[in-house]
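J.: After the structure tokens below, expect a handful of questions from me.
Please treat every number below as a calculation from the coordinates, not as lab data. Keep in mind that this is a model prediction, so the values were computed, not measured. We place every Cβ from the backbone using ideal geometry, glycine too, and count neighbours over all the protein chains shown.
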Amino acid sequence: MKIAIGSDHVGYPLKQSTIEILHSLGMEVVDVGTHDPEKPVDYPDFALAVNRLVASGTCEQGVLICGTGLGMSIAANKFPGIRAALCDDAFMARLSRAHNDANVLCMGANITTPQRADWIVQEWLSTPFDDGRHASRVAKLDRAFQGHSSPGGPQLNLNWDRFAVAMSPKSTVFGPMLFAGCLEEGLQAAAQAGFRKVEFSLRVPEDFKDGKLDDLLSKNKLCLSAIATGQSCLHDQLCLASPYDELRGRALERLKDFIVMAQRFESAVIIGGIRGRLAGSTWEMQEQRNKAVDAMRECACFAEERSVPLLLEPINRYETNFINTSLEGLALLAEIGAPGFKLLLDTFHMNIEEPDIPMAVLAARERLGYIHFADSNREAPGCGHVDFNGVLQALVEVGYEGVISTEIMPLPDDLTALNRAASFYRTLVVPEPG
């Protein structure tokens, strides 16, 4: 496990002895400072450095030390995704993990001796979060937004019909997918968690035999919200931007097969990873782009004839060089000119590409057709530092009435990730009258 640690000048001696404790426990330590106990420094600077490492997923947990621990705990808890606990003894350390899922431990060097710090640190690191009844409470600590921007203002009117979770019926190299290859188990878990919709990432429509998908969805009282198509590019090299006409043509036909399938389930089809990457000289990349745009325009017409929503998903620069931002997506939609072709925004990708995520949502307005919620570390909402309050308020402002889906990594495991997402959404659901 990787632990981030930081202190001000007063906390420096206890920080050094705590680093020794962590090393003795086999932990990898990232020391953000201070490194000079003789030079006065400001504790919020070191709280911020540790918080960023923890919230981004670079480090699993963090430790902050100042004179009393109070300043560090106040500073840490102002950072989205951080749950900092000031602990003066092992009992507090244990409960802060078991009941509050604390991911940052704060201690006071003027209060806690190195020996007591040893007990506190060992208890804190060895205690797992006691999920269950505490999960929804922790989610409320992370996100207090309750589906409205202000009393009497416009409401998002969220209920469980609006939420979906992404799964794959087959094992896949695509990481952010729950219950990949364990679909029946996943559908049952999703229904038990409260979800009423699922999104499937498929390699081919034939992943399901005739009638099997209908039976599985009906059995669990679930609906199919969308079909993601990127596995065709990842596994079979069927990409719309392929320089090879034969592969691009097969990708187009695969998309049409998905659209026919989506028509039967009244779901949408996502054009994300199936775009692929542009490669070669400037002229070659432009040629690939033009042919890919022509293919998408043909898909849009094919989908519109069948009343199937088509969704364009901007993806971050590390995965593609073909449509990374909301504005690039909007420009492409305008170029294609199909009213039923809309934008899918994913908060994980937006966290990388957009300078202001809520502003990107506002820019999309009526062209926004679907949204993925995933935190900055591609885990469940609330596990990183994305400002979901701001995103939700932007969705209220644009009058968004579509699906909020969850495409996340199965960390620490499929079921825990699913339940963390469900706990987050549970805080947003507007209670039904009566």
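J.: Identify which of the listed values of P(r) over Cα pairs in 20 Å bins from 0, in percent was calculated from the structure shown: (i) 24, 57, 18, 0; (ii) 21, 47, 25, 7, 0; (iii) 25, 49, 23, 2.
T.: Correct label is (iii).
J.: For the range 210-305, report the translational diffusion coefficient in µm²/s to the nearest whole number, using Stokes-Einstein at 37 °C, 0.692 mPa s, and a Kirkwood Rh over Cα pairs.
T.: 231 µm²/s
J.: Here's a follow-up. Using packing as a proxy for protection, rank 292-299, 10-17 so that the peptide with the highest average count of other Cβ atoms within 10 Å comes first.
T.: On the way: 292-299: 19.2, 10-17: 21.4.
Top to bottom by mean Cβ count within 10 Å: 10-17, 292-299.
J.: Let me ask something else. For the range 2-130, give the magnitude of the charge dipole about the Cα centre (Cβ charges: +1 Lys/Arg, -1 Asp/Glu; no others), in debye to the nearest 20.
T.: On the way: 9 positive and 15 negative charges, 51 e Å.
Its charge dipole is roughly 240 debye.
J.: Give me the percent relative contact order of the range 137-426, please, defined on Cα pairs under 8 angstrom at least 6 residues apart. Let's see the in-between values first.
T.: On the way: 574 pairs, mean separation 56.8, N = 290.
Relative contact order, the range 137-426: 20 percent.
J.: Return the long-range amide H neighbours of Ala102 (sequence gap of 5 or more, or a different chain), with a cut-off of under 5 Å between placed amide H atoms.
T.: Close amide H contacts, sequence-distant or interchain: Arg97.
J.: Relative to the longest principal Cα axis of the chain, at what angle does helix 282-305 sit, 0 to 90 degrees, rounded to 10?
T.: Orientation of helix 282-305: about 70 degrees from the principal axis.
J.: How much net charge surrounds Ser126 when only other residues with a Cβ under 14 Å from its Cβ are counted (Lys, Arg +1; Asp, Glu -1)?
T.: -2
J.: For the range 2-130, what is the convex hull (Cα atoms) projected area averaged across all directions, in square nanometres?
T.: Averaging across all directions leaves 6.5 nm² for the Cα convex hull.
J.: What does the charge count near Ala93 come to, summing +1 for each Lys or Arg and -1 for each Asp or Glu among other residues with Cβ under 15 Å from its Cβ?
T.: -2
J.: With respect to the cross-link table entries Lys170/Lys221; Lys221/Lys342; Lys78/Lys140; Lys2/Lys140; Lys212/Lys256, which display a Cα-Cα separation exceeding 24 Å?
T.: Those over the limit are Lys221/Lys342; Lys2/Lys140.
J.: Further, regarding this structure: On C-alpha positions alone, give me the angle between the axis of helix 12-24 and the longest principal axis of the chain, in degrees, nearest 10.
T.: Here the helix axis deviates by roughly 60 degrees.
J.: Also, quick follow-up: What do you get for the angle between helix 245-265 and the principal long axis of the chain? Use alpha-carbon atoms, 0 to 90 degrees, nearest ten.
T.: Compared with the principal axis, the helix lies near 80 degrees.
J.: Give me the net charge for the shell around Asn220: Cβ to Cβ below 12 angstrom, other residues only, Lys and Arg +1, Asp and Glu -1.
T.: Taking every Cβ under 12 Å from that of Asn220, the sum is 0.
J.: Based on the mean of other Cβ atoms within 10 Å per residue, sort peptides 26-34, 214-222, 348-356 so the most packed one is first.
T.: Output ranking for 26-34, 214-222, 348-356: 348-356, 26-34, 214-222.
J.: Follow-up. Could you put His23, His372, His134 in order, starting from the residue whose Cβ has the fewest other Cβ atoms within 10 Å?
T.: Arranged by neighbour count, lowest to highest, His23, His372, His134 become His23, His134, His372.
J.: Please say if the range 371-434 is rounded, prolate or oblate, where rounded means a/c under 1.5 for a ≥ b ≥ c the square roots of the C-alpha gyration tensor eigenvalues, and otherwise the choice is prolate for a/b larger than b/c and oblate otherwise? Before the final figure, lay out each step's value.
T.: Details: a/c = 2.17, a/b = 1.40, b/c = 1.55.
Oblate.
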